[in-house]
Each structure stands twice: as structure tokens, then as C-alpha cells.
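A quick write-up on the structure given underneath.
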Amino acid sequence: MRDTPSPPAVDAGAVRRPITRVRGGQRLQEDDWIAAEIPVAIHYNGQPHVVMMATPADLEDFVLGFSLSEAVIAGAHELGEVQVHPLLEGIEVAARIPEDRAAAVATRQRNLTGRSSCGLCGTQELEDVVRHPPPVGAGPVIDAAALQRALAALGRAQPVNALTGATHAAAWADPAGTLLAVREDVGRHNALDKLIGAMAAAEIDPQAGFVVVTSRASYEMVQKAATVGITLMAAISAPTALAIHLAASAGLTLVGFARPDGHAVYSHPHRISAPES
């Protein structure tokens, strides 16, 4: 029994399970918080599209963000009614999109299982793997202090990870480094999709701030961010070579190894102002 209520995202994102803990040479029987991970199936207009292993919280944000970042729809206004159906095997999220969009989705034949860490599971053609987003807009110029403020705040804004130590997070910050939205998930792509969905639902301009993620900067993360018009992404771990290439071609500023003692800028450094001497 927990002593105080937790936010709904924690209730959906973590479960209690009995464990045997070994500490100081002693075996202890106790309960521990474990991150939830279940199959989440996304259906468009009654047709199955993809199954992702995800944390079952913020699923409306997830389907909206996934639909935008995967270019299934062109804007939030194209996503109609979303219904979440808990099933014995997992959760089915049924969404309505325009018929022409549904027809385009059907041609992708991407209705296979995607792991929580997988950005291209189910992709059957090489040309579907690396989708080059259009160039992003100008975006803001931030300083290193703003990036550090966002990183420090993100460390305190992950309730599921604080309990379980098993989830990633994606956060949206304004140019001053103040966090405006945070989403968590066992999968880094899912966390970013949930954040993108939350931003779209709140009508947050993707050119009015920057995103910080608690993972490496894989090409899928850059692809998703650039697709929705985000101009700056900062990751606490390393980028890949393809991520740098996509960021450079899309005009996105990509920051890696964002830590308290500094960071590295891999593309379009003009959006991070140099510190004053």
C-alpha cells in the first residue's frame, strides 16, 4: 500500500510486484514498483496498422503524436474520434482519419509488431525506412543556461522513472528552459510520440521551444521531431551518424551528450548562442 496518491500517469505506468532483494548479504522479500509494458494496437478506420509495446498511459497523446510523427496525418485536425479499448491481450486504440489518409496507410502494409525500442519494425520496403522530412523553420535561439535548466527540471519530472528506473522521457521546453510538457514511456520513440501528441492537443508551436530526451538520438527520433517541425533536439546520450545526417538535411539542431557539465552540437549550431566570455 502506498502512503500517498500518485498521478494518473503513475497509476497507469507502474505496477507493484513481489521481488527478492539481496542487500548487505541478506535476502529481503518485498514489493517493488515495476514499469508497465503491454501491447498497444493502433487501428485506423477499423483496420489494424501497428502494435507497439508501450507504457499504457497517455494513449490519446500517443496515437495523435504517432499519427503526426509518422506522417499518417498532416495535422491534429485530421484525427477524429479516438477510442481506447482494454482487452485481455493488451489495449486497442481505434482512431478515425480521412479516408484518403487511411488508403495511404493501407499501402504501407506496416501492421506488424513493433518493440518498444523499434522505430521501423514492420517496414517492408527500404524507401519506407528513411523518410526525409521537409526542412524545419527558423526556431528560437537558446543559450546553454536554458538547456541546463531544462535538463535539471527533467530530472525531477519523471514520476514513473523515479519509482521504477525503467522509463524514458521526452520534454518540451520554452526558450528559457522552462518545461511545459513531459511524457514517459518504456520506449524512447513512444515517449517522444506522446509528447508530440500532447503538444498538438495543447496547440503548442513546435518552433517556439526545444525538446529534451533521456535517450540516445537515433535517426528515428530526429525523423519524428523534424516531421512535426521541431527545430532543436537535445539528447542526454549520443547521436548516430544517420541521425546527424537527417538533422543536417532537415535544418534541425541536434545536441548530444547533454549533461550538467556541457554538451556537443552536431548540426546547425547557430540555434545555441555561445557563452559570454
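The values are calculated or read from the model by the stated rules, or taken from the named source; none is laboratory data. In this text, all values refer to a predicted model and were calculated from it rather than measured experimentally. Reconstructed Cβ throughout: ideal geometry from the backbone, glycine too, with neighbour counts over all protein chains shown. With ligands, DNA and RNA removed, areas are computed over all heavy atoms of the protein, side chains included. Shrake-Rupley method; radii C 1.70, N 1.55, O 1.52, S 1.80 Å.
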Most positive-pole-ward Cα, Gly187, Val40, Gly90, against dipole of the chain from beta carbon charges: Gly187
Filtering GluC sites (Glu not before Pro) in segment 150-259 by DSSP loop and by at most 16 other Cβ atoms within 10 Å leaves Glu203
At R0 = 45 Å, how high is the FRET efficiency between Ala264 and Ala106 if r is their beta carbon distance? Nearest 0.05 is fine. 0.60
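So which GluC sites (Glu not before Pro) in segment 24-86 pass both tests, a DSSP loop state and at most 13 other Cβ atoms within 10 Å of the Cβ?
Counting only loop positions with at most 13 other Cβ atoms within 10 Å, the GluC sites (Glu not before Pro) in segment 24-86 are Glu81.
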So for the chain, averaging the separation of alpha carbon pairs under 8 Å that are six or more residues apart and normalising by length, what relative contact order in percent results? 18 percent
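Taking R0 as 41 Å, what FRET efficiency do you get between Ile38 and Ala144 from their Cβ-Cβ distance, rounded to the nearest 0.05?
For Ile38 and Ala144, the calculated efficiency is 0.55.
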Could you provide, to the nearest whole Å², the per residue accessible area of segment 145-277 with probe 1.4 Å? 36 Å²
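Using the Cα centre as the reference, give the magnitude of the dipole from point charges on the C-beta atoms of segment 168-277 (Lys, Arg: +1; Asp, Glu: -1; all else neutral), rounded to the nearest 20 debye.
Charge dipole of segment 168-277: 240 debye, to the nearest 20.
Quantify, in whole percent, the carbon and sulfur part of the accessible surface of the chain (1.4 Å probe; protein heavy atoms only).
Working: 7080 of 13000 Å².
Whole-percent figure for carbon plus sulfur exposure: 54.
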Students often get this wrong, so try it: which of (i) 17.5, 51; (ii) 19.1, 63; (iii) 23.2, 75 is Rg and Dmax of the Cα atoms in Å as calculated from the structure shown? (ii)
About the Cα centre, charge dipole magnitude for the chain (Lys/Arg +1, Asp/Glu -1 at Cβ), debye: 820 debye
Most positive-pole-ward Cα, Gly177, Gly75, Gly25, against dipole of the chain from beta carbon charges: Gly25
